[in-house]
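Chemist: Quick one: the structure is below, and I'll ask about it shortly.
The values are calculated or read from the model by the stated rules, or taken from the named source; none is laboratory data. The shown structure was predicted, so the numbers you read here are calculated from the model rather than taken from an experiment. We place every Cβ from the backbone using ideal geometry, glycine too, and count neighbours over all the protein chains shown. Note: areas computed on protein heavy atoms with side chains; ligands, DNA, RNA excluded. Shrake-Rupley method; radii C 1.70, N 1.55, O 1.52, S 1.80 Å.
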2 protein chains.
Amino acid sequence: MAAAGEVPGRGPRERMVFSAAQLIRRGGVGATGMRDVAAHARAPRGSLQHYFPGGKEELVAEAVEWAGRYAARRVGRFVAGLPEPKPSALFAAMVRQWTDEFAAQGATAGCPVAAAVVDCADAGEAARTAAAAAFAAWAAPVSRALTDMGVPSARADALATLMMGAVEGALLIARAERDTRALTVVAHELGPLLDAAVERR
Amino acid sequence: MAAAGEVPGRGPRERMVFSAAQLIRRGGVGATGMRDVAAHARAPRGSLQHYFPGGKEELVAEAVEWAGRYAARRVGRFVAGLPEPKPSALFAAMVRQWTDEFAAQGATAGCPVAAAVVDCADAGEAARTAAAAAFAAWAAPVSRALTDMGVPSARADALATLMMGAVEGALLIARAERDTRALTVVAHELGPLLDAAVERR
DNA sequence: CCGCTACTATGACACTCGTCATAATCGCGG
DNA sequence: CCGCGATTATGACGAGTGTCATAGTAGCGG
């Protein structure tokens, strides 16, 4: 996510985690080498085994967890910046994050969490657990935002899952087609359903 | 997809394509070696360069195309077997295909098309094109089924994209969580929306 | 039997990967 | 300056990869 060009973060460790997420979401876990991560983060290669004694599995897991926290933080910012707090508006903002990125830099990158799930053979079991945690961390603020907007709490979790799934799936299709069509279509079709779930009061 | 244990197909070439799809959807493109494919297909290793002179890229692309044709064929079978032809019933059948597989063999495998899109670095440009074609081949019968059920043709394509995206995304979440929850949730939440799109006549 | 084509067998090549071993360097407290 | 832990540097190793070269074996028309 983010501008993707620079490498923020204070310590070399954080930079490597960030770079790992960036590279993973582009080419997948298997295609992302440890040497590449160090180079992308402008970090010394020797630091890899120092900061990540668990090896690649640890680095990947932490990159995925970072992505989950990032997505959660991002949802909070979306909610705060909505003109009117409708579920469809939140969903549209989530989708627009990706359409904007496509417009800016092409369909070259996807979601690092999805990459970790698909590449589970290269990523190891720890990465799968981290992916589940990342999805949970992402779903929590979405669900809470929905309840704040008036969605019954019984349905909020389900709709949050639906929103995340729709975004991830549409993102896959959009990357394959090199076109934002799937993303915009999903946003347009799902919006009314989401707004219809808010209870009148 | 399918039972995944045996390797059907008449010629060695078809068996290798099938095996490639099977292995890709488990561990991703990068983790699937050519030697593994030949072994899984019980095909001689020397046949690889004979049948696929284009190398791994050709094999992966063909596996993805095969997956697209398989999904399309499967949709046709779903439509034919529906008790009553409602869009929600078709969607439920698409989802049940995955929940059944999870119940039978765990959350070890996903969609090979999704794997090819994520692992685009290992798969090459040809695989991405093949993935787009596979999604298109999959969407066509879904869209046609929707129009046959009474959905206005203007919305049928959009809803087909939504259905595919929701399945793919929920499949990702379900694999991460090792639980069919996301799949069943999506089926339950999206059903009414789909049925509401059929025009009264 | 010959010749030809389709297919298979096998080993090697060049390369990359993750990981480890070992040593050098830095930054400080004492 | 010494010592010591934290960090970095560098090279090597073994296992894997995809791909190629070369030879071998069927199977069949003539």
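Chemist: Kindly establish whether residue A:168 is assigned to a loop (DSSP other than H, G, I, E, B) and either touching a residue at least 12 places away in the same chain (Cβ under 8 Å) or open to solvent by 10 Å² or more (accessible area, probe 1.4 Å) (or both).
Modeler: No: the conditions fail for residue A:168.
Chemist: Taking into account only those residues within the range A:45-58 that are in contact (Cβ under 8 Å) with a residue 24 or more places away in the chain and within 10 Å of residue A:13 (Cα to Cα), which is farthest from DNA strand D (Cβ to nearest atom)?
Modeler: Residue satisfying both the conditions and the ranking: A:52.
Chemist: Here is a further query. Considering only residues that are of a type in the set (A, V, I, L, M, F, W, C) and within 17 Å of residue B:27 (Cβ to Cβ), look in the range A:117-130 and name the one that is most open to solvent (accessible area, probe 1.4 Å).
Modeler: A:121
Chemist: Out of all the residues in the range B:9-40, which are in contact with a Cys (Cβ under 9 Å, 6 or more places away or on another chain), open to solvent by 20 Å² or more (accessible area, probe 1.4 Å) and within 14 Å of DNA strand C (Cβ to nearest atom)?
Modeler: The answer is B:31, and nothing else.
Chemist: Can you confirm whether the range B:51-66 contains a residue that is within 13 Å of the chain's Cα centre (by Cα), closer than 21 Å to residue A:121 by Cα and at pLDDT 95 or above?
Modeler: Yes, the range B:51-66 has at least one match.
Chemist: Ok, one more. Which of the residues belonging to the range A:174-191 are more than 8 Å from chain B (Cβ to nearest Cβ) and either within 22 Å of residue A:156 (Cα to Cα) or free of Cβ contacts under 8 Å to residues at least 24 places away in the same chain (or both)?
Modeler: Residues satisfying the conditions are A:183, A:187, A:191.
Chemist: Please go through the range B:126-180 and pick out each residue that is within 25 Å of residue B:104 (Cβ to Cβ), over 17 Å from the mean Cα position of the chain (by Cα) and acidic (Asp, Glu).
Modeler: B:177, B:179
Chemist: In the range B:95-110, how many residues are closer than 20 Å to residue B:160 by Cβ and open to solvent by 10 Å² or more (accessible area, probe 1.4 Å)?
Modeler: Matching residues across the range B:95-110 total 3.
Chemist: Can you list the helices (runs of 4 or more DSSP H) lying wholly within the range B:21-129 that have 2 or more residues being charged (D, E, K, R)?
Modeler: B:34-40, B:56-80, B:87-105
Chemist: What single numbered condition from (1) free of Cβ contacts under 8 Å to residues at least 60 places away in the same chain; (2) at the interface with chain B (Cβ under 8 Å from one of its Cβ atoms) fails to hold for residue A:199?
Modeler: All conditions are met except number (2).
Chemist: Pick from A:133, A:114, A:187, A:154: which is small (Gly, Ala, Ser), over 17 Å from residue A:75 (Cα atoms) and open to solvent by 10 Å² or more (accessible area, probe 1.4 Å)?
Modeler: A:154
Chemist: Looking at residue B:61, is it away from DNA strand D (no atom under 16 Å from the Cβ), out of contact with any Cys (no Cβ under 9 Å at 6 or more places or on another chain) and either open to solvent by 30 Å² or more (accessible area, probe 1.4 Å) or closer than 30 Å to residue A:26 by Cβ (or both)?
Modeler: No; evaluated as a whole, the condition is false for this residue.
Chemist: Out of everything in the range A:41-51 that is touching a Gly at 6+ places or on another chain (Cβ under 9 Å) and open to solvent by 70 Å² or more (accessible area, probe 1.4 Å), what residue ends up being nearest to DNA strand C (Cβ to nearest atom)?
Modeler: Per the criteria, the residue is A:49.
Chemist: Further, regarding this structure: Within the range B:154-165, how many residues are away from every other protein chain (no Cβ under 11 Å) and either within 16 Å of residue B:85 (Cβ to Cβ) or touching a residue at least 40 places away in the same chain (Cβ under 8 Å) (or both)?
Modeler: Here the count works out to 1.
Chemist: Kindly indicate whether any position in the range A:10-21 is within 16 Å of DNA strand D (Cβ to nearest atom), over 19 Å from the mean Cα position of the chain (by Cα) and closer than 22 Å to residue A:127 by Cα.
Modeler: Among the residues of the range A:10-21, at least one is within 16 Å of DNA strand D (Cβ to nearest atom), over 19 Å from the mean Cα position of the chain (by Cα) and closer than 22 Å to residue A:127 by Cα, which makes the answer yes.
Chemist: Among the candidates B:67, B:72, B:80, B:92, which residue alone is touching a Pro at 6+ places or on another chain (Cβ under 6 Å), open to solvent by 10 Å² or more (accessible area, probe 1.4 Å) and among the aliphatic types (A, V, I, L, M)?
Modeler: B:72
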